[in-house]
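A.B. asks: This is the structure I have questions about; it appears just below.
Please treat every number below as a calculation from the coordinates, not as lab data. Just so it is clear, the model here is predicted, and its values are computed rather than measured. Positions of Cβ are generated from backbone atoms using ideal geometry, with glycine treated the same way; all protein chains shown enter the neighbour counts.
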Amino acid sequence: MALKYLQIEEDLKNMILSEEIRPGDRLPSENVLSGRYSVSRQTVRKALSDLENEGYVYAVHGSGTFCSIASRFKKDSKDIAVVMTYLSDYIFPKVISGIDSVLTENGYSIILKNTNNSRSREIKCLEELIEKNIDGIIIEPSKSNVFCKHKDLYNRLDKYGIPYVFIQGVYSVMEDKTHVLMDDEKGAYLLTEYLIGLGHKNIIGVFKSDDSQGQNRHKGYAKALAEGGIAYDPENVIWFYTEDRAVHPYVLLQDMIRSGKPIDAIVAYNDQVAYHLIKAIREMGLDVPGDISITGYDNSQTVTGTGISLTTVAHPQEELGRIAAQILLKMIRGEKVEKRVIIEPEIIWGNSCSEKVT
């Protein structure tokens, strides 16, 4: 029996991996297989049971045994999916470059996917990838501060043995999954502490509300104010969403200035937002940093023609990508990895801040 059931198992496995039997196809019946191999149905059942335990097939009571979609992932495809919120602008090309440098060196190719920070597009990407033959996924979650309602898709990846690594953010219900993050809370804390040290007391915070980076940067800002003896005022915080990031902070800041609200410094969510705010400040006839100091985050130093180099927090874009890729390769090899890798912030000094003149 031993040799026979192993032979049946091996033959069916090869047919599945070669896609002669495709996901969803019904396998030959127990009677057909027992006749083909001249064995008892008990021997056939043993082979099918082993294949089911390995994820190659699944049984439907009264209907038969079917090839599982999970079988697609039993091959060594050498393809890794990289799912990013954006691909072509800001810090993202360098993050992808870091990932690619490690994967290419190890003989892997990248399948790039872009969600545009949309939950529905992330769901569509994951559904498409589950249908493909891939060895793993590196993913930046979309709107990571919003409750994840599609955890079932990640559960399917776990079931099929497809490893994945979150970068830049992680859903609160999935913090036990492997992720690589900046210490955003500490980064914003250091920037706010620096502004307080320059004598600023009326410090506005501008943060993105639908991702975990924005929430954590806000925590660092609030913590530094408290430790600096400055009362936290929610009226001094501008929150914005992904969809209104180019307009909402800009308009609200100008409204604050127009109303006469005292503002002598701003902690911006990132460099991109900071440069929008510099434009808004100058349009109101004020100077940066003479009237209002401002900090960024990510050290993108986008060419803007403002003449301002931001005091910001370094984002090790390529290094973050390399770390995530190295961790994923270890997971593919079945090695143990750290579930949570946190990158320490480092301030980059620019000319966007000055001492408060009293």
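A.B. asks: Once you put a point 7 Å from the Cα of Asn202 and another 7 Å from the Cα of Ser18, both along the Cβ direction, what distance in nm separates them?
C.D. replies: Inter-label distance under the simple model: 7.8 nm.
A.B. asks: Provide the gained length on full extension for the span Lys261 to Arg333, in nm with one decimal, where the gain is 0.36 nm per separating residue minus the Cα-Cα distance.
C.D. replies: 20.2 nm
A.B. asks: Taking Cα atoms, how many degrees apart are the long axis of helix 248-258 and the longest axis of the chain, rounded to 10 and kept between 0 and 90?
C.D. replies: 10 degrees
A.B. asks: Semi-axes of the chain's equivalent ellipsoid from the Cα gyration tensor, sqrt of 5 times each eigenvalue, largest first, rounded to whole Å?
C.D. replies: 54, 18, 16
A.B. asks: From the helices alone, meaning DSSP H stretches of at least four residues, give me the mean residue ellipticity at 222 nm for the chain, per-run term -39500 (n - 2.57), in deg cm²/dmol to the nearest 500.
C.D. replies: -12500 deg cm²/dmol
A.B. asks: Neighbouring Cβ atoms within 10 Å as the yardstick, rank Cys148, Cys67 fewest first.
C.D. replies: Cys148, Cys67
A.B. asks: To make sure I understand, if each residue's beta carbon is the centre and we count other beta carbons within 10 Å, what order do Ser300, Ser142 fall in, fewest to most?
C.D. replies: Going from sparsest to densest Cβ surroundings: Ser300, Ser142.
A.B. asks: Using 1/(1 + (r/R0)^6) with R0 = 25 angstrom and r between the beta carbons of Asp152 and Asn114, what's the FRET efficiency to the nearest 0.05?
C.D. replies: Details: r = 22 Å, r/R0 = 0.90.
In this case the efficiency is close to 0.65.
A.B. asks: Report, to the nearest 10°, how far helix 92-105 tilts away from the longest principal axis of the Cα atoms in the chain, using its own Cα long axis and a range of 0 to 90°.
C.D. replies: Taking the Cα atoms of the chain, the angle to 92-105 is about 40 degrees.
A.B. asks: Normalised by the number of residues in the range 2-73, what is the relative contact order in percent for Cα pairs under 8 Å and 6+ residues apart? Write out the running numbers ahead of the final one.
C.D. replies: Working: 85 pairs, mean separation 27.7, N = 72.
Relative contact order of the range 2-73: 39 percent.
A.B. asks: Going Cα to Cα from Lys149, which lysines come in below 19 Å? Please leave out same-chain ones fewer than 8 positions away.
C.D. replies: Lys124, Lys159, Lys177
A.B. asks: Moving on to the next point. What is the calculated FRET efficiency for Gln42 to Ser101, with r their C-beta to C-beta distance and R₀ = 51 Å, to the nearest 0.05?
C.D. replies: The pair Gln42/Ser101 has a calculated efficiency of 0.45.
A.B. asks: State which stretch of the chain is the longest one without any exposed GluC sites (Glu not before Pro), exposure meaning a DSSP loop state and at most 15 other Cβ atoms within 10 Å. Show your work: numbers first, answer last.
C.D. replies: Numbers: sites that count: Glu19, Glu20, Glu54, Glu131, Glu175, Glu335, Glu338, Glu346, Glu355.
Longest stretch, sites excluded: 176-334.
A.B. asks: Oh, and also: For His150, His61, His248, what's the fewest-to-most ordering of other Cβ within 10 Å of each Cβ?
C.D. replies: Final ranking by Cβ density, sparse to dense: His61, His150, His248.
A.B. asks: What is the helix-to-structure angle for 184-197, meaning the angle in degrees between its Cα long axis and the longest Cα principal axis of the chain, kept from 0 to 90 and rounded to the nearest 10?
C.D. replies: Approximately 10 degrees, to the nearest 10.
A.B. asks: Could you work out the relative contact order of the range 288-358, using alpha carbon pairs under 8 angstrom and six or more residues apart, expressed as a whole percent?
C.D. replies: It rounds to 47 percent for the range 288-358.
A.B. asks: In straight Cα distance, which aspartates and glutamates are under 13 Å from Lys13, not counting same-chain residues fewer than 8 positions off?
C.D. replies: Asp50, Glu52, Glu54
A.B. asks: So who's got an amide H within less than 5 Å of the one on Gly136, skipping anything under 5 residues away but keeping other chains? H placed 1.01 Å off N, in plane.
C.D. replies: The list, which skips near neighbours in sequence, is Ala81.
A.B. asks: Before anything else, pin down the relative contact order of the chain: Cα pairs under 8 Å, at least 6 apart, normalised by residue count, whole percent. If you can, show how the numbers build up before the last one.
C.D. replies: Numbers: 657 pairs, mean separation 57.0, N = 358.
Over the chain, the number comes to 16 percent.
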